[in-house]
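Presented below is the structure to which this report refers.
The values are calculated or read from the model by the stated rules, or taken from the named source; none is laboratory data. Just so it is clear, the model here is predicted, and its values are computed rather than measured. So basically every Cβ, Gly included, is an ideal-geometry build from the backbone, and we count neighbours across all protein chains shown.
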Amino acid sequence: MQITGGYLKSRKIDSPKSSNVRPTLSQIRESIFSVLFSITDFDGKSFLDAFAGSGIMGFEAVSRGFSSVCFFEKDKKTFFLLKDNAKKLGVQADFYLGDTIKLLSKLSKDGKSFDVIYVDPPYQSGLYDSVLKTVKEKNLLTDNGIIILEHPADLGIKIDGYELIKQKTYSGKTLSFLKNN
C-alpha cells in the first residue's frame, strides 16, 4: 500500500494480513483529503485514526500537513505493525492499544480533543453510534472539528447532535463528513 499525497507520497507501508482489516482504497483516501482541504487548513491541526489498522489514514494526514496524529488499534499484532510502519516512515505519533470507546473516554479525562476524527470500524460492529455518542459526550471534537465516517451505503447511523456537511458514495462505501451542531 502506498501513500497518495504529501511529502511521503509513494512511500509504502505494510498492511496486516488479517481479514478483519480493510485498508481504505487510494481513490477514497484522495477524496477524503480533497474534501477536507476544501473545508479546513491542515497546519496546526490534529488527526485521530480511531480504528487504525495499517495506519494509512493517519500517515496520509501527516504527509499532507497535519501537525499531529493519534492512532487507536485494538489488535496487538496490528498495533505493532502500525508502530513499525511509523518508524519506517519517520513519523512521530501517539499510539494507543485498546478498545476505541474506552480510549476516547481516557483521552477526554486528559483534556484531549481533535480537529479531525476518522472512524472506520468493522462495518457490522455497531460501533458507529457509540463512537459518535462518546465523542459528543466527552467533547473530543474541537470547535470547528470534523468527523469522517467510512461506512456501507445502506448502514443507518444516528447522527444526533451533528450536522452532515458532505457525503460521497463509492461502490457501496459511503463517506460522511460531520461537524457539531
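For every residue, the table says whether it meets (1) hydroxyl-bearing (Ser, Thr, Tyr); (2) free of Cβ contacts under 8 Å to residues at least 40 places away in the same chain; (3) over 21 Å from Pro122 (Cα atoms); (4) out of contact with any Gly (no Cβ under 8 Å at 6 or more places or on another chain).
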residue	(1), (2), (3), (4)
Ser46	yes, no, yes, yes
Ser54	yes, no, no, yes
Met57	no, no, no, yes
Arg64	no, no, yes, no
Cys70	no, no, no, no
Lys77	no, no, no, yes
Lys83	no, yes, no, yes
Gly90	no, yes, yes, yes
Asp94	no, yes, yes, yes
Discussion item. Please determine whether any residue of the stretch 136-144 is surrounded by 18 or more Cβ atoms within 10 Å (Cβ to Cβ) and within 22 Å of Glu30 (Cβ to Cβ).
Written reply: no
Worksheet entry | Cβ-Cβ under 6 Å pairs, at least 6 apart or on other chains, the stretch 19-36 side under 14 Å from Val116 (Cβ atoms) and surrounded by 15 or more Cβ atoms within 10 Å (Cβ to Cβ), far side among the basic types (Lys, Arg) and at pLDDT 85 or above | Phe33/Arg64; Val35/Lys166
Worksheet, complete the sentence: Reported set for the stretch 71-100 where residues are under 14 Å from the mean Cα position of the chain (by Cα), among the hydrophobic types (A, V, I, L, M, F, W, C) and farther than 18 Å from Arg29 by Cβ is Phe72, Phe95
Discussion item. Can you tell me which residue is surrounded by the fewest Cβ atoms within 10 Å (Cβ to Cβ) among those in the stretch 61-84 that are in contact with a strand residue (DSSP E or B) (Cβ under 9 Å, 6 or more places away or on another chain) and within 13 Å of Leu8 (Cβ to Cβ)?
Written reply: Phe66
Practice prompt. Might you check whether a residue that is over 18 Å from Phe51 (Cα atoms) and among the hydrophobic types (A, V, I, L, M, F, W, C) occurs anywhere in the stretch 132-154?
Written response: yes
Practice prompt. Quick one: in the stretch 48-60, of everything that is within 16 Å of Gln2 (Cα to Cα) and within 11 Å of the chain's Cα centre (by Cα), which residue is surrounded by the fewest Cβ atoms within 10 Å (Cβ to Cβ)?
Written response: Ile56
Practice prompt. Go through the residues of the stretch 115-128 one by one and say whether even a single one is farther than 23 Å from Gln27 by Cα, modelled with pLDDT of 95 or more, crowded, with 16+ Cβ neighbours inside 10 Å and not small (Gly, Ala, Ser).
Written response: no
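The rows are residues; the columns are (1) of a type in the set (Ser, Thr, Tyr); (2) touching a helix residue (DSSP H, G or I) at 6+ places or on another chain (Cβ under 7 Å).
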site: Lys109; (1), (2): no, no
site: Asp115; (1), (2): no, no
site: Ser125; (1), (2): yes, no
site: Lys133; (1), (2): no, no
site: Leu149; (1), (2): no, yes
site: Ile157; (1), (2): no, yes
site: Lys173; (1), (2): no, yes
Item to complete: Considering (1) under 19 Å from Gly145 (Cα atoms); (2) crowded, with 21+ Cβ neighbours inside 10 Å; (3) among the charged types (D, E, K, R), say which one Asp41 fails and leave the rest.
Response: (2)
